[in-house]
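Engineer: Before I ask anything, here is the structure I am working with.
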Amino acid sequence: MNLYRISSPSFFNREVVSVARDLLGKFFIKEEKNFLLAGKIVEVEAYDSSDPASHSFNGQTPRNSVMFLRGGHLYVYFIYGVHYCCNVVTGKKGHGAAVLIRALEPVAGIQLLSARRFNTKSPSPSRLINLLNGPAKICSAFSIDKAHNGLDLLAGNIYIASEKSHFPAVSPSPSPENPADELIVASKRIGITKSTGLLWRFYLKNNIYVSKNSIGK
């Protein structure tokens, strides 16, 4: 598999729902000194400044300032005093939108990812399924924390990639005539109490690495 960094700002500088859908099937990559860690993006959630459930809804603050950078930065936040979650910032500078990476299908560096999550380099089949099927699990396995908040995905050691055969990276706008759309499920987001009617969670249908397949269906 030949993976290539998405290095064009135009992929990220679009409205958040379009970017969220187009991230599905792409790859979340982290390069470490002697390792390459990779997961196929199979589940995401979109958050926008017009959305009361978004961190950016009430405007820019020191905590959410990275969300207001131009698209293509990594927004990392801390929740429940325990976990980190990572997001891909989208849109123009000053807008305040991001896509939460909710689940990945393990692709590369599985031994190290598993060692960090389960203290074993040889995960069982059930543990492999649960290795990256949640935003906090991803950050734990990829060793992502507040030090990565604001990282530039266009130039940093964490980035989004496509397979060479999938270029151009920006896919056509979703439409009923697009057969690939049949593989994407839109549903309600998980664990929020505001804007619950928005179907802004997207995942790949029937993928076993998705956190929950039935929410909102």
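The values are calculated or read from the model by the stated rules, or taken from the named source; none is laboratory data. All values reported here derive from a predicted model rather than from experimental measurement. Cβ: placed from backbone, ideal geometry, glycine included. Neighbour counts: every protein chain shown.
Engineer: How many residues are outside any loop (DSSP other than H, G, I, E, B), of a type in the set (Gly, Ala, Ser) and either touching a residue at least 40 places away in the same chain (Cβ under 8 Å) or surrounded by 21 or more Cβ atoms within 10 Å (Cβ to Cβ) (or both) if we restrict to the stretch 183-215?
Structural biologist: Looking only at that region, the number is 0.
Engineer: Are there any pairs with C-beta distances below 6 angstrom linking a residue in the stretch 66-83 that is touching a residue at least 40 places away in the same chain (Cβ under 8 Å) to a residue that is among the aromatic types (Phe, Trp, Tyr) and not in a loop (DSSP other than H, G, I, E, B), with the two at least 6 apart or on different chains, and if so which?
Structural biologist: Close Cβ pairs satisfying both conditions: Val66/Tyr75; Gly71/Phe12; Gly72/Phe12; Val76/Tyr84; Phe78/Tyr84.
Engineer: Oh, and also: Go through (1) buried (at least 21 other Cβ atoms within 10 Å of the Cβ); (2) closer than 20 Å to Leu69 by Cβ; (3) out of contact with any Asp or Glu (no Cβ under 9 Å at 6 or more places or on another chain) and name the single condition Pro9 misses.
Structural biologist: (1)
Engineer: Hey, can you tell me all the residues within the stretch 121-147 that are under 18 Å from the mean Cα position of the chain (by Cα) and assigned to a helix (DSSP H, G or I)? Before the answer, list the steps.
Structural biologist: To start, the set of residues in the stretch 121-147 that are under 18 Å from the mean Cα position of the chain (by Cα) comprises 129-147.
Once the filter is applied, which keeps residues that are under 18 Å from the mean Cα position of the chain (by Cα) and assigned to a helix (DSSP H, G or I), the stretch 121-147 yields Ile129, Pro135, Ala136, Lys137, Ile138, Cys139, Ser140, Ala141, Phe142, Lys146, Ala147.
Engineer: Within the stretch 40-63, take every residue that is of a type in the set (A, V, I, L, M) and either assigned to a strand (DSSP E or B) or free of Cβ contacts under 8 Å to residues at least 40 places away in the same chain (or both) and give me the one that is surrounded by the fewest Cβ atoms within 10 Å (Cβ to Cβ).
Structural biologist: Taking the candidates together, the pick is Val42.
Engineer: Which of (1) under 21 Å from Ile144 (Cα atoms); (2) of a type outside the set (D, E, K, R); (3) buried (at least 20 other Cβ atoms within 10 Å of the Cβ) does Leu36 not meet, given it meets every other one?
Structural biologist: Going through (1) under 21 Å from Ile144 (Cα atoms); (2) of a type outside the set (D, E, K, R); (3) buried (at least 20 other Cβ atoms within 10 Å of the Cβ) one by one, Leu36 breaks only (3).
Engineer: Is there a residue in the stretch 80-97 that is closer than 16 Å to Phe142 by Cα, buried (at least 24 other Cβ atoms within 10 Å of the Cβ) and of a type in the set (A, V, I, L, M)?
Structural biologist: Looking through the stretch 80-97, at least one residue is closer than 16 Å to Phe142 by Cα, buried (at least 24 other Cβ atoms within 10 Å of the Cβ) and of a type in the set (A, V, I, L, M).
Engineer: Return yes when Ile110 is modelled with pLDDT under 95 and among the aliphatic types (A, V, I, L, M) and no when it is not.
Structural biologist: no
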